[in-house]
1. Quick one: if the Förster radius is 22 Å, what FRET efficiency do GLN449 and HIS429 give, using the C-beta to C-beta distance and rounding to 0.05?
2. Report the full-extension gain for the segment SER104 to GLU560: residue separation times 0.36 nm, less the Cα-Cα distance, to one decimal in nm.
3. Test of understanding: what is the full-extension gain from TYR168 to LYS129, defined as 0.36 nm times their sequence separation minus their Cα-Cα distance?
4. Which whole-Hz couplings ³J(HN,Hα) result when phi for each residue of the stretch 129-135 is put into the Karplus expression 6.51 cos²θ - 1.76 cosθ + 1.60, θ = phi - 60°, listed in order with x for Gly and Pro?
5. Taking all protein chains as present, what is the carbon and sulfur share of the accessible area of the stretch 385-487, in % to the nearest whole number, probe 1.4 Å?
6. Taking Cα pairs under 8 Å and at least six residues apart, what relative contact order does the chain come out at, in percent?
7. Using a probe radius of 1.4 Å on heavy atoms only, what accessible surface per residue do you get for the chain? Whole Å² is fine.
8. So how far apart, in nm, are the two label points at ARG471 and LYS346 if each is 7 Å from Cα heading toward Cβ?
Amino acid sequence: MINKDYMENLNEPQKEAVLHLDGPLLIVAGAGSGKTKVLTSRIANIIKEKKAFPNQILAVTFTNKAAKEMQNRVSNILGSAATGLSWLGTFHSICAKLLRKHASAAQLNSNFTIIDTDDQIRLIKNICKAENVDIKQLSPRFILAILDRWKNKGYYPSEVIINKKDIYEKTILPLYKIYQQKLTDLNSCDFGDLILHTVKILENYSDIREIYSKNFKYILVDEYQDTNFIQSRWLNLLSAKNKNICCVGDDDQSIYSWRGAEIKNFLEFDQVYENTKVIRLEQNYRSSQNILSVASNLIANNQNRVGKTLNTTKEEGDLVQLNCFKNGKDEAIGVSDEIEKKIQKKFSYNNVAILVRAIFQTREFEERFLKIGMPYRILGGTKFYERAEIKDCVAYLRLIYQEKDDLAFERIINNPKRAIGDSTLKNIHEFAKENNLNLERASVKMLEQNLIKPKAKIGLGFFVNSLNKWRNDLKIKKSNHVKLLQIVLDESGYSAMLKNKKDLDNENRLENIKELLSAMKEFDNLESFLEHVSLATSVDQEWDGEKVNMMTMHAAKGLEFDVVFLPGWEEGLFPHQKSIEEKGQKGLEEERRLAYVGITRAKQKAIISFSMNRFYQGDWIDSMASRFIDELPEKNLEKNSFFDNEDNTEEDFEFNQDFDVEEGTRSPGWIRYQKRIK
C-alpha cells in the first residue's frame, strides 16, 4: 500500500518536480532544499500513476549511505512495493550487477572478483618489477591514479592518446596494457572497470543496449554535479530510448574536479537532452537567512553556474561573524574560547564543527583542545600526531633521545628501505632476548660478530652509525631539536624518499612534516617536545559523551551542524594557491564553491576567521585576508578584531569603526586589513 501522504509538506517547486514525469528534467537543488525528499516522492508518484513498475526505475546515488537512506524513505512510502526497486543503488553497485549478467562481453566470467586498492597496488608492484620500472620514481599509487583518470575518460589501453607534456604517461601506458590483461587473466575488475566495461558493452552491443534502454522507463540521479565523463556517458546510453531522465544536483556544490567530476555535465544538461525542463529548489530548510544571504552573495561571483537564490522561512538569525586574529595560534584560542564561553551553553559539542581547507590546519586546534581538555574528533582524516609520517619523525627523535626505545627502533629500522627484512629483524629480536639487550645494542653486537647477512649488514651499519652521529649532534654540537630533525630527515634519506617519489600523497606528507617542525619551535628542548607528544597521543580515544567535530570542507559535504567555524580564510590557503595556479579561473570558482559548501553546513551560527600572521612551513608569513572576504555582504556580518597592540593592549577593535584614524592608534593587522579592503 502506498502512503498517500507523500505529497504533503512539499512546497510548490518540489511538487512540480514530483509531478513532472515526461521528458528530461534537471532539478537545481540548493543546499538544504530537500532534494532527497523530492527524489523519493517522485519514485512513489511514478509507481502510483502506473507509469512504470518498480523494476523499471533506475535510481542512482554516489554513496552506499545515500542509497540506503533513499531505500528506507521509499520503503516508508511504498511499503512492500519498494522491494521491487531492484535498480536503486550506487553507480558501482548497479554496474557490477549489469556486468555480471553480460560478463562474457568483457571477456570475463560472471563470478569475477572486484579487487580493492591493496590488491591493485600489489599487482602494479609485480608488473613494475617484471618491467624494470623503478617504483621509487613512479609509485604504484601514482600509476593507479593515471589509470583511473584514463578509465574515467572512457579509454581502454588501445584508445589512450599520450599527452606529450606529461613525461610519465609514455612509461605508464604499457603498464596499463599489462595491468588490464592481468585483470582479465585473474577474472577480476577494479572499481574503474565496473563502469568502463559496462559502457563499452552498451556501446558495442546494440541488442544489450536496447534491452536496458527500453526497460528503464525512468532514471533518477542524485548529486549529478559530481559525475565524471564515463558516468555521464553511461546515463546517456541508458536513457536513449525513453528520455525520462531526472538529474538532481547543485552546480554551486561541485567541488570534486580532482576526483574527475566534470561540472559541465550539469551546466550542459539541457544541451545534451532536448526539451529539458529545469526546476529550481530555492527554499532552504536548514540555515537562517543571514547565513544564506552570505553564502548566496559569495557564490554569485561565479560565472559558470545555472544560478539560483536561496531563501528560508526561518528567522534572520545571528549575523555571520567575521573575526580577525593576530596569528594562527590566537585563532585556535579564540575559537576554543568562543565554544567554551558561549557555544557550549546553547549547543552540544556534537553539533559544532570546525571546517578547514587543508587537514594540516587541525594541528593548532588539536594542540589547544588537548591543553584545555575539550573533546574532539577528526572526521575524514587522521589526527595530526597519528599520521604515519609524523609518527616516523617522532620515532627517530625518541630513539635518539633514548636508545632502549625498541618500539621506535622497530618502526624506523627499515624506513626508508635499508634492505633489512623481516628475517633479519627476527634474528635481532632473538639475539636481544638471549643476551638481555635492547634491539639497538643487539644490532651493534651482531654487526661486530658478523652475524648479519651482507646485504642487510650495510643498511644496518649505516643506521646504527647514524644514530650515534645524531646523538652527538644533540649532545656535543648542541643542535636544537628542530635542527636535529631536519638533519635526521636529510641524512636518513627520509626527505629524499618523499621528494623523489612521484606520489599524489607525498606533497601532503611533506606539508605535514613542515607543520611538525613549526610546532616543535614552541618547545624549549627535545625532552619537553617528546613529553608533549606522548600526552597528545595517549589521550583516551573512547570518550563517552560529545565531541567537537573537525574536518576538511570537502569531507563536510552532505553534513549539517548548528554551529560552524571556518578558520584560515587567507590568500594562498583559501583560495588555495595551487588550485589557482593549476586551473586558473576554473580553480578559483571551485574554491569559491567550496566556501559556499562550508558556509551552508551551518544551521544557526557561522563564524569565519583569518589571521594576519601565520607560522607556516617554518616561517612567519604576513597573511592577507582571503579575497572571498571582500565578497561577503556587510549587512549580514558582525566584524571583530582580536589583537594585543602596543598602543591598546586590552582593546578589541571593531572592523566597522571609522577609517579616518591615524595608523598609530590601530594594531598592525587592523591597518593591513583596512588597506586591503580599500
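The values are calculated or read from the model by the stated rules, or taken from the named source; none is laboratory data. Please read these numbers as outputs of a predicted model, since none were measured by experiment. Note that we place each Cβ from the backbone using ideal geometry, even for glycine, and neighbour counts take in every protein chain shown. The protein model used for the area step is the full one, side chains on, heavy atoms only, and it has no ligands, DNA or RNA in it. Shrake-Rupley method; radii C 1.70, N 1.55, O 1.52, S 1.80 Å.
1. So the FRET efficiency works out to roughly 0.85.
2. Once the chain is fully extended between SER104 and GLU560, it gains 159.7 nm.
3. Roughly 12.4 nm would be gained on extension.
4. Calculated HN-Hα couplings, in order: 5, 5, 9, 6, 9, 6, 6 Hz.
5. Roughly 51 percent of what the probe reaches on the stretch 385-487 is carbon or sulfur.
6. Over the chain, the number comes to 17 percent.
7. 47 Å²
8. Distance between label points: 5.8 nm.
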